[in-house]
Amino acid sequence: QVQLVESGGGLVQAGGSLRLSCAASGRTFGSYAMGWFRQAPGKEREFVAAISWSGGNTYYADSVKGRFTISRDNAKNTVYLQMNSLKPEDTAVYYCAARFRLSVASEPREYDYWGQGTQVTVSS
């Protein structure tokens with residue numbers, strides 16, 4: 001069993017930055033890949049970024065590439081999402097997810113555990 005708790009969401013103006021954190025507990029953090037997803041009202045959950053177990057491989061949605069950076073600290077059992085140059089269309093609930101594979105993935109169905117989500121609101 002894995003528990004995931006996100007934090008760091010909030011209200012920010014367009015062009016601003018936020019850093020989300022996801023603290024994991026339970027099974028050995030370094031044995032699984034992690035991902036960030038988001039869901040806006042009335043829309044399906046969409047992939048944002050993913051990182052392999054070692055942090056050596058990352059993958060981003062085209063909509064955030066060059067603006068967002070995913071990273072992890074296995075010693076702290078934490079994965080991060082640094083979000084820069086935020087846009088109003090980035091407004092959503094952001095979820096972190098854990099996948100019991102070493103490689104990255106972009107489909108929600110490929111992840112085994114989910115956090116409760118943290119709200120990010122970007123004002124224009």
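The values are calculated or read from the model by the stated rules, or taken from the named source; none is laboratory data. Source: prediction; values computed, not measured. Virtual Cβ from ideal backbone geometry, glycine too; neighbours counted across all protein chains shown. Surface areas here come from the heavy atoms of the whole protein model, side chains and all, with no ligands, DNA or RNA. Shrake-Rupley method; radii C 1.70, N 1.55, O 1.52, S 1.80 Å.
Observations, loosely collected:
- Using the average count of surrounding beta-carbon atoms within 10 Å as a protection proxy, the listed peptides 115-122, 59-66 rank, highest first, as 115-122, 59-66.
- By accessible area, using a 1.4 Å probe on protein heavy atoms only, the chain has 46% of its surface on carbon and sulfur.
- Isotropic mean projected area of the C-alpha convex hull, the range 11-124 (nm²): 6.6
- Rg in Å to one decimal, and Dmax rounded to a whole Å, for the range 80-124 via C-alpha atoms: 12.7, 39
- The residues of the chain expose, per residue, 49 Å² of accessible area to a 1.4 Å probe.
- Around the Cα centre of the chain, unit charges on the Cβ atoms of Lys, Arg, Asp and Glu (plus for the first two, minus for the last two) sum to a dipole of about 180 debye.
- Across the range 1-49, counting alpha-carbon atoms alone, Rg and Dmax equal 13.4, 38 Å.
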